[in-house]
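For reference, the structure discussed in these notes is given below.
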Amino acid sequence: MSYFKYYEALEGLDSFDLLLISFCYIDKNFHFKEKEYLIEQGISNDVIKKVEKIILTKEGSVEEIFNFALENLPEDLFEIAAVALVDVAWADGKIDDAEKKYIKLAEKKWNLSIEIISEEWKPT
């Protein structure tokens, strides 16, 4: 496992959870609909608060946590995570440029094609 300066604070947390929570902060606005989505996905409020505490107090931590989760997510979760990222991005009714950028980063890292905008897509 590569060096990660927040490892001790986040030890034992699921990479999928870290990916989604950090993604909620990518656009600098954690919308209440995004939090509802996380809760629906089974991520506890305690875990959200633990990650949030680091994100709100450490400059650059959002990107670092996202990249760490991106690197450590098991391959069998790539497609599920891709759908979840798009769901989170749409949760507030629009996709921010920062969200698009990080979805494209996941797309490249996981070697997937991720549909961001579709005529059939309905925000969660």
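Derivation of every value follows stated rules applied to the coordinates shown; laboratory data play no part. None of the values given here were measured: they were computed from a predicted structure. Backbone-built Cβ (ideal geometry, glycine too); neighbour counts: all protein chains shown.
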**Fill in**
Dipole check, the chain, charges on Cβ (K,R +1; D,E -1), about Cα centroid: among Tyr25, Ala106, Val88 the Cα furthest to the positive pole belongs to Tyr25
**Cα-projected label distance for Glu40 with Lys109, points at 7 Å along beta-carbon direction, nm** = 2.4
**Asked** From the phi of every residue in the range 13-19, what ³J(HN,Hα) in whole Hz does the Karplus formula 6.51 cos²θ - 1.76 cosθ + 1.60 yield, where θ is phi - 60° and glycine or proline is x?
**Response** 7, 6, 4, 4, 4, 4, 4
**Prompt:** Going by how many other beta carbons lie within 10 Å of each one, how would you line up Ile80, Ile65, fewest first?
**Reply:** Ile80, Ile65
**Prompt:** Cross-link partners among lysines for Lys101, C-alpha distance below 18 Å, same-chain residues fewer than 8 apart left out?
**Reply:** Lys28, Lys109
**Message:** I need the calculated FRET efficiency for the pair Val83 and Glu59, taking r as the beta carbon distance and R₀ as 22 Å, to the nearest 0.05.
**Reply:** 0.15
**Asked** According to a simple spin-label model (label point 7 Å from Cα along Cα-to-Cβ), what is the distance in nm between Asp76 and Lys101?
**Response** 3.4
**Message:** For the range 1-72, which chymotrypsin sites (Phe, Trp or Tyr not before Pro) pass both filters: DSSP loop (anything but H, G, I, E, B) and at most 11 other C-beta atoms within 10 Å?
**Reply:** Tyr3
**Complete:** Cα-Cα pairs in the range 1-106 separated by more than 22 Å, as a whole percent of all pairs, come to 22
**Residue-wise HN-Hα coupling along the range 98-104, computed from phi with Karplus coefficients 6.51, -1.76, 1.60 (Hz; x: Gly, Pro)** = 5, 5, 4, 4, 6, 5, 5
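May I ask you to list the trypsin sites (Lys or Arg not before Pro) in the range 47-89 that are in a DSSP loop and have at most 16 other Cβ atoms within 10 Å of their Cβ? Could you put the intermediate results ahead of the total?
Values: sites: Lys49, Lys50, Lys53, Lys58; in loops: Lys58.
Here the sparse-neighbourhood loop sites are Lys58.
So, with +1 on the Cβ of K and R and -1 on the Cβ of D and E, and no other charges, what is the size of the charge dipole of the range 31-124 about its Cα centre, to the nearest 20 debye?
Values: 13 positive and 21 negative charges, 63 e Å.
Its charge dipole is roughly 300 debye.
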**Request:** Pick out, in residue order, every one of the GluC sites (Glu not before Pro) in the range 30-67 that is DSSP loop and has at most 11 other C-beta atoms within 10 Å; say none if there are none.
**Result:** Glu59
**Prompt:** Taking Lys104 as the anchor, which aspartates and glutamates have their alpha carbon closer than 18 Å to its alpha carbon, excluding any fewer than eight residues away along the same chain?
**Reply:** Asp27, Glu63, Glu64, Glu71, Glu75, Glu79, Asp87, Asp96, Glu115
